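Accompanying notes for the structure given below.
Derivation of every value follows stated rules applied to the coordinates shown; laboratory data play no part. Since the structure is predicted, the reported quantities are computational estimates derived from the model, not experimental observations. Reconstructed Cβ throughout: ideal geometry from the backbone, glycine too, with neighbour counts over all protein chains shown.
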Amino acid sequence: MKKFNNILFGAHMSIGGGIHHAIERGESIGCTAIQIFTKSNRQWHAKPLQEKEIELFKETWKKSSIASIIVHAAYLINVGSGKKELEDKSVKGLIEELQRCNQLGIPYLVLHPGSFAGTDQKTCLKQIAHNLDRALEATHGHTTILLETMAGQGSSTCHTFEQIAEIIALSHHKKYLGVCFDTCHAFTAGYHFNTIQTYEKMWNDFDGIIGLSKLHAMHINDSKAECGSRLDRHAHIGKGKIGLEAFKLLFNDKRFADIPKILETPYKTIEDYIPDMETIYSLIEKKN
């Protein structure tokens, strides 16, 4: 498979059998960037990382061709929850995620910001900012939390740039907050970016509302659902409603050359990512 080593591009990798195996799996299909969980994404608790495990991960990474690794926090975490027990459990879980990232030397932790079931959106945004501060103050590490752009399904927050900007503005630790832009989520949240005009408008809006300096990662997914539907349904690249032009614009945009771009397209084995990677590489102009 043809690849461009100067582009930070890859996919989410399993840590089954040992966290270091995610790096080997990524290398096997030509990734230069990968995303992982550091524990089960469906459970609250995990065994602490052992020193040998940490050393093996770092040594494997050092010897590999993987230039960038980011972590996704467990899906159970909802620091915006209106239920006090879940809120406190989520903050504790986020602290644990940050600690594990710090141990492994991971710079970015992607987080689904939260949902406001049982409360209202404005209260939820304030609560998220407060709880992000709680977690960051408890860890004192160097990992930045990346708030993922969401589709807006149900009562989830952060489907608009304004909501993300408000959380960052309310935080006392803005330095350690950033954004992970998900193409599927943004599209179904209502952002058009599949023509040069709509593409530039969206990023100009992002820059004016949040700031491009806060953008540190991207999830690369097509969408089974229409723009503005608020449905979170990932599709293979070129097989959904977004269209190839949007991905061509994105992968040829030099402003984002240093930002890791991670596939989260449907898969059963990691080989299922290869057609999507080949589709993306076919869109990259030689001059870039």
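State whether the range 79-121 is rounded, prolate or oblate according to the following rule on the C-alpha gyration tensor (a ≥ b ≥ c being the square roots of its eigenvalues): a/c under 1.5 gives rounded; otherwise a/b larger than b/c gives prolate, and the remaining case gives oblate. Intermediate results must be reported in sequence, preceding the final value.
On the way: a/c = 6.10, a/b = 2.16, b/c = 2.83.
Oblate shape, in that a/c is at least 1.5 and b/c is the bigger or equal ratio.
Cut-off under 15 Å on the C-alpha distance; same-chain residues fewer than 8 positions from LYS83 excluded. Which aspartates and glutamates are left, in chain and number order?
Correct list for LYS83: ASP120.
Take the Cα of TYR75, step 7 Å along the line toward its Cβ, and report every residue of the range 263-288 whose backbone nitrogen sits under 18 Å from that point.
Label zone hits: 263-270.
Which length gain, in nm to one decimal place, applies between LEU212 and LYS58 when the Cα-Cα distance is subtracted from 0.36 nm times their residue separation?
Working: separation 154, 0.36 × 154 = 55.44 nm, distance 2.96 nm.
Stretched out fully, the LEU212 to LYS58 stretch lengthens by 52.5 nm.
Which length gain, in nm to one decimal place, applies between LEU49 and ASP120 when the Cα-Cα distance is subtracted from 0.36 nm times their residue separation? The partial results should precede the final answer.
Working: separation 71, 0.36 × 71 = 25.56 nm, distance 3.72 nm.
Using 0.36 nm per residue and subtracting the Cα-Cα distance, I get 21.8 nm.
Summing -39500 (n - 2.57) over the DSSP H runs of n ≥ 4 in the chain and dividing by its residue number, what mean residue ellipticity at 222 nm do you reach, to the nearest 500 deg cm²/dmol?
Theoretical 222 nm ellipticity from helices: -12000 deg cm²/dmol.
Using the structure shown, list the pairs from LYS201/LYS241; LYS47/LYS268; LYS62/LYS254; LYS52/LYS248; LYS201/LYS286 with a Cα-Cα distance above 30 Å, or answer none. The partial results should precede the final answer.
Values: LYS201/LYS241 19 Å; LYS47/LYS268 26 Å; LYS62/LYS254 26 Å; LYS52/LYS248 42 Å; LYS201/LYS286 25 Å.
Flagged as over cut-off: LYS52/LYS248.
For LEU231 and GLU85, calculate 0.36 nm times their separation in residues minus their Cα-Cα distance, and state this gained length in nm to one decimal.
Working: separation 146, 0.36 × 146 = 52.56 nm, distance 2.79 nm.
Extending this stretch completely gives an extra 49.8 nm.
Reachable aspartates and glutamates from LYS92, Cα under 13 Å, same-chain residues fewer than 8 places away excluded?
Straight-distance partners of LYS92: ASP133, GLU137.
Which one of THR144, ALA11, HIS159 has its Cα pushed farthest toward the positive end of the charge dipole of the chain, where Lys and Arg give +1 and Asp and Glu give -1 at the Cβ?
Of the listed residues, the answer is ALA11.
Report the residue, chosen from ALA129, ALA73, ALA46, that carries the largest GNM mean-square fluctuation when the chain is represented by alpha-carbon nodes joined by springs under 10 Å.
Fluctuation is largest for ALA46.
Could you order the peptides 22-28, 95-101 from most to least packed, using the average number of other C-beta atoms within 10 Å per residue?
Working: 22-28: 20.3, 95-101: 22.1.
Order by mean packing, descending: 95-101, 22-28.
Normalising by the residue count of the range 142-247, find the relative contact order in percent from Cα pairs under 8 Å and 6+ residues apart. Working shown, then result.
Values: 204 pairs, mean separation 31.2, N = 106.
Reported as a whole number, the value is 29 percent.
Per residue Cα convex hull volume for the range 10-283, in cubic angstrom?
Working: hull volume 32.2 nm³, N = 274.
Taking the convex hull of the Cα positions in the range 10-283, it is 118 Å³ per residue.
Could you tell me the center-to-center distance, by alpha carbons, between the range 237-255 and the range 19-66 in angstrom?
If we compute the Cα centre of each part, the gap is 28 Å.
Below 18 Å, Cα to Cα, which aspartates and glutamates can LYS58 reach? Residues fewer than 8 away in the same chain don't count.
Within reach: GLU24, GLU27, GLU97.
Pairs of Cα atoms under 8 Å, at least six residues apart: use those to get the relative contact order of the range 10-283, whole percent.
15
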